[in-house]
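The values are calculated or read from the model by the stated rules, or taken from the named source; none is laboratory data. Not measured: the values here are computed from a predicted model. When we count neighbours, we look across all protein chains shown, and the Cβ atoms used for this are built from the backbone with ideal geometry, even at glycine. Heavy atoms of the whole protein, side chains included, go into the accessibility calculation; ligands, DNA and RNA do not. Shrake-Rupley method; radii C 1.70, N 1.55, O 1.52, S 1.80 Å.
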Amino acid sequence: MQNSAASETVTAHRRVRAVGVVAALAALAVAASACSSSSDKGSGGTGGSGKKVGITLVLKTLTNPYFVTMKKDAQNEAAKDNVNLTVAAGNKDGDTQAQIAAIDNAISRGDKGILITTNGDAVNAALNQAKQAGMFVIALDTALNPASTADITFATDNEQAGKLIGQYGAARLAGKKAVIAMLDLFDNQVVSVDIQRDHGFLEGMGIDPGSTTVNGKEAKTGSYTGGGSYEVV
(Lines give C-alpha, C1' and ligand atoms only; values in the text may rest on other atoms or scores of the structure.)
Protein backbone atom coordinates (compact mmCIF):
# COMPACT_ATOMS: atom_id res chain seq x y z
CA MET A 1 0.00 0.00 0.00
CA GLN A 2 1.70 3.19 -1.19
CA ASN A 3 0.69 6.72 -0.19
CA SER A 4 2.31 10.06 0.56
CA ALA A 5 1.85 9.73 4.32
CA ALA A 6 3.67 6.38 4.35
CA SER A 7 6.47 7.80 2.19
CA GLU A 8 6.89 10.78 4.52
CA THR A 9 6.99 8.43 7.53
CA VAL A 10 9.76 6.32 6.00
CA THR A 11 11.78 9.43 5.09
CA ALA A 12 11.41 10.87 8.58
CA HIS A 13 12.40 7.52 10.12
CA ARG A 14 15.60 7.41 8.06
CA ARG A 15 16.45 10.97 9.10
CA VAL A 16 15.95 10.12 12.78
CA ARG A 17 18.20 7.06 12.47
CA ALA A 18 20.86 9.10 10.63
CA VAL A 19 20.81 11.62 13.47
CA GLY A 20 21.19 8.66 15.84
CA VAL A 21 24.52 7.53 14.40
CA VAL A 22 25.87 11.10 14.52
CA ALA A 23 24.79 11.49 18.15
CA ALA A 24 26.20 8.09 19.06
CA LEU A 25 29.55 8.80 17.41
CA ALA A 26 29.80 12.13 19.20
CA ALA A 27 28.93 10.49 22.53
CA LEU A 28 31.50 7.75 21.97
CA ALA A 29 34.20 10.26 21.01
CA VAL A 30 33.58 12.20 24.22
CA ALA A 31 33.46 9.07 26.38
CA ALA A 32 36.60 7.60 24.81
CA SER A 33 38.49 10.87 25.18
CA ALA A 34 37.49 11.20 28.83
CA CYS A 35 38.56 7.62 29.63
CA SER A 36 41.87 7.76 27.80
CA SER A 37 45.23 8.83 29.17
CA SER A 38 48.73 9.49 27.91
CA SER A 39 49.69 5.93 28.90
CA ASP A 40 47.25 4.36 26.40
CA LYS A 41 48.85 2.44 23.56
CA GLY A 42 47.86 1.43 20.02
CA SER A 43 47.00 3.21 16.81
CA GLY A 44 43.63 4.09 18.34
CA GLY A 45 45.35 7.09 19.91
CA THR A 46 44.08 9.14 22.85
CA GLY A 47 41.97 12.22 23.15
CA GLY A 48 43.86 13.31 26.26
CA SER A 49 47.20 13.47 24.45
CA GLY A 50 45.77 15.30 21.46
CA LYS A 51 45.92 12.30 19.14
CA LYS A 52 42.93 10.97 17.26
CA VAL A 53 40.64 8.58 19.08
CA GLY A 54 40.24 5.24 17.29
CA ILE A 55 36.63 4.07 16.87
CA THR A 56 35.20 1.22 14.80
CA LEU A 57 31.75 1.29 13.20
CA VAL A 58 30.47 -2.23 12.47
CA LEU A 59 27.43 -2.33 10.18
CA LYS A 60 25.12 -5.18 9.14
CA THR A 61 25.98 -4.81 5.45
CA LEU A 62 27.15 -2.17 2.99
CA THR A 63 24.58 -3.13 0.36
CA ASN A 64 21.56 -1.62 2.12
CA PRO A 65 21.26 2.12 1.26
CA TYR A 66 20.42 2.91 4.87
CA PHE A 67 23.70 1.50 6.16
CA VAL A 68 25.58 3.24 3.35
CA THR A 69 24.06 6.49 4.63
CA MET A 70 25.08 5.63 8.19
CA LYS A 71 28.64 5.10 7.01
CA LYS A 72 28.75 8.48 5.23
CA ASP A 73 27.22 10.32 8.21
CA ALA A 74 29.68 8.69 10.59
CA GLN A 75 32.65 9.54 8.37
CA ASN A 76 31.54 13.17 8.15
CA GLU A 77 31.13 13.39 11.92
CA ALA A 78 34.44 11.64 12.57
CA ALA A 79 36.26 14.30 10.57
CA LYS A 80 34.82 16.94 12.90
CA ASP A 81 35.50 15.13 16.18
CA ASN A 82 39.16 14.13 15.83
CA VAL A 83 38.17 10.49 15.38
CA ASN A 84 40.11 7.87 13.44
CA LEU A 85 37.11 5.90 12.16
CA THR A 86 37.30 2.36 10.81
CA VAL A 87 34.18 1.00 9.06
CA ALA A 88 33.48 -2.71 8.68
CA ALA A 89 30.38 -4.74 7.81
CA GLY A 90 28.97 -8.19 7.30
CA ASN A 91 28.89 -9.54 3.77
CA LYS A 92 25.14 -10.17 4.08
CA ASP A 93 22.33 -10.04 6.65
CA GLY A 94 23.08 -12.45 9.45
CA ASP A 95 26.85 -12.51 8.82
CA THR A 96 28.13 -12.45 12.39
CA GLN A 97 31.57 -13.89 11.59
CA ALA A 98 32.65 -10.81 9.63
CA GLN A 99 31.39 -8.60 12.46
CA ILE A 100 33.30 -10.67 15.05
CA ALA A 101 36.47 -10.31 12.97
CA ALA A 102 35.96 -6.53 12.87
CA ILE A 103 35.58 -6.42 16.66
CA ASP A 104 38.73 -8.53 17.12
CA ASN A 105 40.61 -6.15 14.80
CA ALA A 106 39.39 -3.15 16.78
CA ILE A 107 40.71 -4.71 19.99
CA SER A 108 44.06 -5.43 18.35
CA ARG A 109 44.33 -1.85 17.06
CA GLY A 110 43.72 -0.43 20.50
CA ASP A 111 40.56 1.41 19.47
CA LYS A 112 38.66 3.13 22.25
CA GLY A 113 35.14 2.20 21.20
CA ILE A 114 32.79 0.29 18.92
CA LEU A 115 29.46 1.26 17.37
CA ILE A 116 27.60 -1.76 16.04
CA THR A 117 24.41 -2.65 14.21
CA THR A 118 24.38 -6.29 15.23
CA ASN A 119 23.72 -9.20 12.91
CA GLY A 120 22.91 -11.52 15.80
CA ASP A 121 23.69 -12.67 19.33
CA ALA A 122 26.84 -14.49 18.19
CA VAL A 123 28.75 -11.17 18.35
CA ASN A 124 28.12 -10.75 22.08
CA ALA A 125 31.15 -12.70 23.28
CA ALA A 126 33.47 -10.57 21.14
CA LEU A 127 31.80 -7.38 22.38
CA ASN A 128 32.25 -8.50 25.98
CA GLN A 129 35.95 -9.05 25.24
CA ALA A 130 36.09 -5.53 23.82
CA LYS A 131 34.57 -4.15 27.01
CA GLN A 132 37.04 -6.12 29.10
CA ALA A 133 39.78 -4.49 27.03
CA GLY A 134 38.44 -1.09 28.10
CA MET A 135 36.44 -0.28 24.96
CA PHE A 136 33.13 1.59 25.06
CA VAL A 137 30.35 -0.21 23.17
CA ILE A 138 27.32 1.50 21.59
CA ALA A 139 24.53 -0.46 19.91
CA LEU A 140 22.88 1.21 16.92
CA ASP A 141 19.59 0.45 15.18
CA THR A 142 19.09 -2.91 16.91
CA ALA A 143 19.35 -3.46 20.66
CA LEU A 144 21.72 -6.21 21.74
CA ASN A 145 20.41 -9.24 23.60
CA PRO A 146 20.89 -8.71 26.47
CA ALA A 147 20.85 -4.94 26.17
CA SER A 148 23.52 -4.71 28.91
CA THR A 149 26.08 -6.01 26.38
CA ALA A 150 26.26 -2.38 25.19
CA ASP A 151 27.11 0.64 27.33
CA ILE A 152 24.54 2.75 25.44
CA THR A 153 21.86 1.92 22.88
CA PHE A 154 20.54 4.19 20.11
CA ALA A 155 17.84 2.04 18.51
CA THR A 156 14.36 2.01 17.06
CA ASP A 157 11.59 0.38 19.11
CA ASN A 158 10.93 -2.10 16.31
CA GLU A 159 7.96 -3.78 17.97
CA GLN A 160 6.21 -0.46 18.52
CA ALA A 161 6.99 0.55 14.92
CA GLY A 162 5.42 -2.71 13.73
CA LYS A 163 2.35 -2.12 15.87
CA LEU A 164 1.83 1.36 14.44
CA ILE A 165 2.06 0.00 10.89
CA GLY A 166 -0.40 -2.78 11.73
CA GLN A 167 -2.85 -0.33 13.30
CA TYR A 168 -2.55 1.91 10.26
CA GLY A 169 -3.15 -1.02 7.90
CA ALA A 170 -6.21 -2.21 9.81
CA ALA A 171 -7.68 1.29 9.81
CA ARG A 172 -7.09 1.78 6.08
CA LEU A 173 -8.59 -1.59 5.19
CA ALA A 174 -11.70 -0.67 7.19
CA GLY A 175 -13.13 -4.19 7.28
CA LYS A 176 -12.08 -5.29 3.79
CA LYS A 177 -10.36 -8.66 3.47
CA ALA A 178 -6.64 -8.42 4.24
CA VAL A 179 -4.30 -10.58 2.18
CA ILE A 180 -1.00 -10.49 4.07
CA ALA A 181 2.48 -11.51 2.92
CA MET A 182 4.91 -11.79 5.84
CA LEU A 183 8.41 -11.23 4.44
CA ASP A 184 10.77 -12.28 7.23
CA LEU A 185 14.56 -12.20 7.17
CA PHE A 186 15.20 -15.84 8.06
CA ASP A 187 13.41 -19.11 8.71
CA ASN A 188 16.44 -20.81 10.27
CA GLN A 189 17.71 -18.32 12.86
CA VAL A 190 16.34 -15.88 15.41
CA VAL A 191 17.03 -12.16 14.80
CA SER A 192 15.43 -9.82 17.31
CA VAL A 193 14.55 -7.03 14.87
CA ASP A 194 12.89 -9.58 12.57
CA ILE A 195 10.68 -10.99 15.32
CA GLN A 196 9.87 -7.58 16.79
CA ARG A 197 8.69 -6.12 13.49
CA ASP A 198 6.76 -9.27 12.55
CA HIS A 199 5.00 -9.65 15.91
CA GLY A 200 4.45 -5.92 16.30
CA PHE A 201 2.68 -5.72 12.95
CA LEU A 202 0.44 -8.70 13.72
CA GLU A 203 -0.44 -7.29 17.15
CA GLY A 204 -1.21 -3.93 15.56
CA MET A 205 -3.58 -5.71 13.17
CA GLY A 206 -5.17 -7.48 16.13
CA ILE A 207 -3.73 -10.88 15.17
CA ASP A 208 -2.12 -13.17 17.76
CA PRO A 209 1.51 -13.98 16.67
CA GLY A 210 1.13 -17.41 18.28
CA SER A 211 4.61 -17.30 19.84
CA THR A 212 6.85 -14.89 21.72
CA THR A 213 10.12 -16.24 20.31
CA VAL A 214 9.69 -17.26 16.65
CA ASN A 215 7.85 -16.13 13.53
CA GLY A 216 5.27 -17.96 11.45
CA LYS A 217 3.15 -19.33 14.29
CA GLU A 218 0.12 -17.08 13.71
CA ALA A 219 -3.16 -18.56 12.47
CA LYS A 220 -3.16 -18.30 8.67
CA THR A 221 -6.78 -17.14 8.55
CA GLY A 222 -9.05 -15.30 10.94
CA SER A 223 -10.25 -11.80 11.67
CA TYR A 224 -8.36 -8.58 12.38
CA THR A 225 -9.28 -5.47 14.33
CA GLY A 226 -12.42 -3.90 12.89
CA GLY A 227 -14.13 -7.15 11.99
CA GLY A 228 -12.53 -7.88 8.62
CA SER A 229 -11.09 -11.25 7.69
CA TYR A 230 -7.44 -11.87 6.86
CA GLU A 231 -5.37 -14.52 5.11
CA VAL A 232 -1.61 -14.93 5.51
CA VAL A 233 -0.28 -16.06 2.14
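Computed from the C-beta positions of TYR66 and THR221, the FRET efficiency with R₀ = 45 Å rounds to 0.85. Counting only protein heavy atoms and a 1.4 Å probe, the range 181-233 has 55 square angstrom of accessible area per residue.
Of all aspartates and glutamates in the structure, those lying under 16 Å Cα to Cα from LYS217, and not within fewer than 8 positions of it along the same chain, are ASP184, ASP187, ASP194, ASP198, GLU203, ASP208, GLU231.
Its alpha carbons considered, the range 131-191 gives a radius of gyration followed by a Dmax of 17.3, 57 Å. Put simply, when 207-216, 156-165, 190-199 are sorted by average Cβ atoms within 10 angstrom per residue, most first, you get 190-199, 156-165, 207-216. Take THR221: with every protein chain present and a 1.4 Å probe, its accessible area is about 90 Å². Applying Stokes-Einstein at 37 °C and 0.692 mPa s to the Kirkwood radius of the range 63-167, computed over alpha-carbon pairs, gives a translational diffusion coefficient of 225 µm² s⁻¹. Net charge in the neighbourhood of ALA102 (other residues with Cβ under 12 Å of its Cβ; Lys, Arg +1, Asp, Glu -1) is -1.
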